[in-house]
Amino acid sequence: MDPGGASRRSSRSAETWRGHIIQQLKHRDRIQSAMFQDLIRFYTGLLEKTSMTKRLLSRPPAEACARSSLQQLKKTTGELAYKVLELQQQIKIKEHVQQELQTRLQKEGGRLAESSEAKRALRDEVEQVRQKNKTLKAAYDALLQRQREAESKLREEKEKEERVLEDMMHQKKQAAARMNHRNERRSRARQATMEKQLQTAARSKVIVKSSSSAPTSRSTSLKPEDQDKSGGRGATRLFRSASASSPRFFSSIREMFDRKRRGHSVHSLEEDLLFPVGICLSARVPVRPLQVLEAHEQGINAVRFSFGSDLLATGGTDRVIKLWDVRAGSLTHRATLDGSTEGITCVEFDHMGRRILAASHNKSALLWRLDDSAPKVTLTGHSRKVTAARFTCVPHQVVTGSTDRTVRLWDLNIAACVQQGEVASFCSDLVCSDSSIISGHFDCKIRVWDSRTVSCVQELPSQGRVTSLDLSSDRRQLLSCCRDDCLQLLDLRWTNDRMCFRADGFKCGGDSTKAVISPDGCYLAAGSADGAVYIWNVSTGGLETRLPDRHSSSVTAVSWSLSGEHFVSVDRSRRAVLWSDI
């Protein structure tokens, strides 16, 4: 570093400082001179008068003139002295004011310096905040980009999942079609073999003694011994060895067609047999509650008695099905069936009382054995929640309805959908008769489907948006519950007569409120939004009774045991009530 340059810069800074001080002093001199300009003029005039007085005194004037001049001088001098004092006092006041102003100026200068420092600090903070905002914005942009990429991947995965699901359903349909084709070919082969056997048996002849009641051997010619023994007894009788009326023939045919290749079937031969159901001659009208219990952790959506009336199933939004033994007028918890990832919407027992079928909000239907808490089969394929799942009259088939506007027929042997029907409205409930499937929909229509092809063969109008369906025990009457607070009873025979049931205070509490027909077909029951249960008499068309004060929220479903002895109602506040007429 150059020392000479440093000295020059220091000398220049010193000269600048001195010049600044000189300028300030000149400025102060001008200000003060302006302030004391009047005083200086008065003082100058005083000095002039004093010099004039001295000149007058130095001359030898007359005594009288001198005396008057002296008096005049004294008078003028006193006035000037008084003015000088006044001016001095004003000067002191102004100096005091000036000092105060300087003090205030110094304070304001300090405050200005502090404000400048605070301004610099705020600027630094603003700059830091801007840097932080830039960093956060960069991080946000990165996260947004990652989110977009993740959403894109999610869409791709969903599309891939849909394609895989469609491929799987297509493969299952193809497998089912191939299996049906193989079974049909085998059935035709068996039938052809049987026809050949029958033709062979018809052509063969045997000789039977007249005293014998059944053939003992098959022959195309008679032995001499037999001819001799039968010579005196008249002509022999020819007949076919495999008579069409023989019980053994029917048993052989039955065994041939009953033999099935089951593979991984989830049902056994015993489950294919229809369970003998008792006939209810007279259902009991419930009067008082026998038991009130908190059956689930959340609201209950479905309830159903088994065909034996000794077991009850409840399903709720807590994603489980609970089984209850019905004994001596009370409900005892027996088991809990889990495996569903979302709430249960519908439950159904099979005719043997060994399996239970449920619909769920997770777009699937599940099948359990009662001795296993895990589901045996999960039927997937719907794109929205499944609202109803029922066993058909064919033992290994079930039908489901969904809010995806489809009705699907499933084969439990292969756990796949074999038929599908599409409709323009949500399906709320299903029931199955001998050869048809009946569905209720949100477009105020009831549709009848051919159970073999799942094709709609008839549409019936309804009073309002259908929430549930139920068939009478003789399968002649159909009950529908509607959102317009009306129950409609439809005669399924040729007449198609309709009866509507209403009551003061009854209000349908939701889109899935369930109503039922009593086992003897004499009464209808449904729960209301006010927590009461309403029961109508079919023969009179009027309200039979109202059961209040046991539910604190809307009643979602009711069920009548097939024996007609017990009645159960459930609600959205987890409560189940067992009723009786005693």
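The values are calculated or read from the model by the stated rules, or taken from the named source; none is laboratory data. Quick caveat: nothing in here was measured; it's all calculated off a predicted structure. FYI the Cβ positions are ideal-geometry reconstructions off the backbone, even for glycines, and counts take in every protein chain you see. Only protein heavy atoms, including side chains, enter the accessible area calculation; ligands, DNA and RNA are left aside. Shrake-Rupley method; radii C 1.70, N 1.55, O 1.52, S 1.80 Å.
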In the neighbourhood of Ala121 defined by beta carbon distances under 12 Å, the net charge of the other residues (Lys, Arg +1; Asp, Glu -1) is -2
So if we plug the beta-carbon distance of Asp474 and Leu165 into 1/(1 + (r/R0)^6) with R0 = 45 Å, what FRET efficiency do we get, rounded to 0.05? 0.65
Ranking Glu342, Glu297, Glu348 from most to least accessible area with a 1.4 Å probe gives Glu297, Glu342, Glu348
Within the range 125-182, list the GluC sites (Glu not before Pro) lying in a DSSP loop whose Cβ has at most 16 other Cβ atoms in a 10 Å radius. none
Here the FRET efficiency for Met499 versus Glu149, based on Cβ atoms and R0 = 60 Å and rounded to 0.05, is 0.50
Net charge near Gln171, counting Lys/Arg +1 and Asp/Glu -1 over other residues with Cβ under 13 Å of its Cβ? +2
What do you reckon, how do Leu112, Leu471, Leu47 stack up by accessible area (1.4 Å probe), largest on top? Leu112, Leu47, Leu471
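Within 12 Å, Cβ to Cβ, of Trp410, how many net charges do the neighbouring residues add up to if Lys/Arg are +1 and Asp/Glu are -1?
+3
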For the range 450-484, which trypsin sites (Lys or Arg not before Pro) pass both filters: DSSP loop (anything but H, G, I, E, B) and at most 15 other C-beta atoms within 10 Å? Arg452, Arg475, Arg476
Accessible area (Å², 1.4 Å probe, nearest 10) - Cys522: 60
Can you pull the one-decimal nm distance between simple spin-label points at Asp450 and Ala175, each 7 Å off the Cα toward Cβ? 2.8
When all protein chains stay in place, what accessible area (Å², nearest 10, 1.4 Å probe) is found for Ile438? 10
List the residues, sorted by chain then number, that are 5 or more residues from Ser360 or on another chain and whose placed amide H is less than 5 Å from its amide H. Thr345, Val386
What's the FRET efficiency of Tyr82 with Ser115 using the Cβ-Cβ distance as r and R₀ = 56 Å, to the nearest 0.05? 0.70
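Ranked from the most accessible area to the least, with a 1.4 Å probe and all protein chains present, what is the order of Lys196, Lys94?
Sorted by accessible area, descending: Lys196, Lys94.
Assign one of three labels to the range 273-379, namely rounded, prolate or oblate, based on the Cα gyration tensor with a ≥ b ≥ c the square roots of its eigenvalues; rounded applies when a/c is under 1.5, prolate when it is not and a/b is larger than b/c, and oblate otherwise.
Verdict is oblate for the range 273-379.
Between Ile31 and Ala424, what is 0.36 nm times their sequence separation minus the Cα-Cα distance? Round to one decimal in nm.
Working it through step by step, the gained length comes to 131.5 nm.
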Tell me the label-point distance for the pair Leu101, Asp443, using the 7 Å Cα-to-Cβ offset, in nm and rounded to one decimal. 9.5
For the range 478-520, what class follows from the C-alpha gyration tensor (a ≥ b ≥ c being the square roots of its eigenvalues): rounded when a/c is under 1.5, otherwise prolate if a/b is larger than b/c, else oblate? prolate
Built amide H within the under 5 Å cut-off of Gln419, gap 5+: Leu409
How would you classify the range 541-582 from its alpha-carbon gyration tensor, with a ≥ b ≥ c the square roots of the eigenvalues: rounded for a/c under 1.5, else prolate if a/b is greater than b/c, otherwise oblate? oblate
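Exceeding 21 Å between C-alpha atoms, which entries from my cross-link table qualify? They are Lys26/Lys94; Lys445/Lys514; Lys173/Lys445; Lys49/Lys75.
The pairs that break the limit, which is 21 Å between Cα atoms, are Lys173/Lys445.
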With every protein chain in place, the accessible area of Lys75 for a 1.4 Å probe, in Å² rounded to the nearest 10, comes to 130
Pairs of Cα atoms under 8 Å, at least six residues apart: use those to get the relative contact order of the range 456-582, whole percent. 17
Show me the chymotrypsin sites (Phe, Trp or Tyr not before Pro) within the range 16-53 that DSSP assigns to loop and that have at most 16 other Cβ atoms within 10 Å of their Cβ. Phe36
